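Remarks on the structure that follows.
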Amino acid sequence: MEHALAVTIRDARPQDEAAFYEFLIASTPEWELLLGEDARDMIAHLYGRRGNLYSFQHARFAEANGRIAGMLLGYDWRFKQEQTIVTGLLLLGRIRVKRLGMVPAFLSGASGVGRVDEGEFFISNIAVRPEFQSKGAAAALLLDAAQRARARGANALVLEVKEGNRRAVRFYEKHGFEIDSELTTNLNGREYLFRMIKDLE
């Protein structure tokens, strides 16, 4: 790790919409595949609205040197159960007809992508701006997620990462995650993912 910066973590605010969009697209470019030119408006609609899986309520931002350095979007198994249908309905209400078939795969495919079991806290997205990478922002976001998870009664952190993203896999392993299973998704061609888990007990 390069010289670590002093990083603070804070709740997301509705006015952070532009930064949220930047980080969401950086970590899941499939959003633009799914929504095309409607991506920014749709993400803004979800982000600013309470009670869905992409709400500002579930996001935390890392700040360093007076700037937003990174973002983590995460929620526990209860929120996943309660808000998946609402999130899907919000997407269906805005998405173009030609892309409707992609919604189920995007939210949670039959292959197990997006699965959150009882007692788990799911890290849906994590991203750090290039100039802040390897300087402690991502580690601070993971530590904060673990604290949030414990406060919600969760006993494990889970996330999904593309199998070919070896740098990210090594980073998560360094921070206590282990590969739990291999998943496949067909959203953007056939891709393989690792489901990784960190025990918090």
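No lab work stands behind these numbers, since they all come straight from the coordinates. If you're wondering where the values come from, they're calculated on a predicted model, not measured in any experiment. Please note: Cβ atoms are built from the backbone with ideal geometry, for glycine as well, and neighbour counts cover all protein chains shown.
Quick notes
- Mean Cα-pair separation over length for region 8-199, i.e. relative contact order, pairs under 8 Å, 6 or more apart, %: 21 percent
- Using the Cβ-Cβ distance between Ile179 and Asp199 with R0 set to 22 Å, the FRET efficiency works out to roughly 0.95.
- Cβ-based charge dipole, region 8-199, positive-most Cα from Gly119, Gly51, Asn165: Gly51
- Cα-based shape type of region 109-201, given that a ≥ b ≥ c are square roots of the gyration tensor eigenvalues and the cut on a/c is 1.5: oblate
- A compact globular protein would have a Cα radius of gyration near 2.2 N^0.38 Å; the ratio found for region 8-199 is 0.96.
- Label point 7 Å beyond Cα of Arg10 along Cβ direction - residues of region 117-154 with amide nitrogen under 16 Å: 141
- Nitroxide proxy distance, nm - points 7 Å out along Cα→Cβ at Tyr192 and Ile85: 3.6 nm
- Only helices enter this figure: runs of n ≥ 4 DSSP H residues, each worth -39500 (n - 2.57), summed and divided by the residues of the chain, yield -11000 deg cm²/dmol at 222 nm to the nearest 500.
- Cα→Cβ-extended label distance, 7 Å offset, between Arg150 and Leu33, nm: 3.7 nm
- Within the shell defined by Cβ-Cβ distances under 11 Å, the residues around Glu160 carry a net charge of -1, with Lys and Arg each +1 and Asp and Glu each -1.
- For region 1-75, a/c is not less than 1.5, where a ≥ b ≥ c are the root eigenvalues of the C-alpha gyration tensor, and a/b tops b/c. That puts it in the prolate class.
- Charged side chains reduced to their Cβ positions (Lys and Arg at +1, Asp and Glu at -1) give the chain a dipole of some 300 debye around its Cα centre.
- Sites Arg40 and Lys162, calculated FRET efficiency, Cβ-Cβ separation with R0 22 Å, nearest 0.05: 0.40
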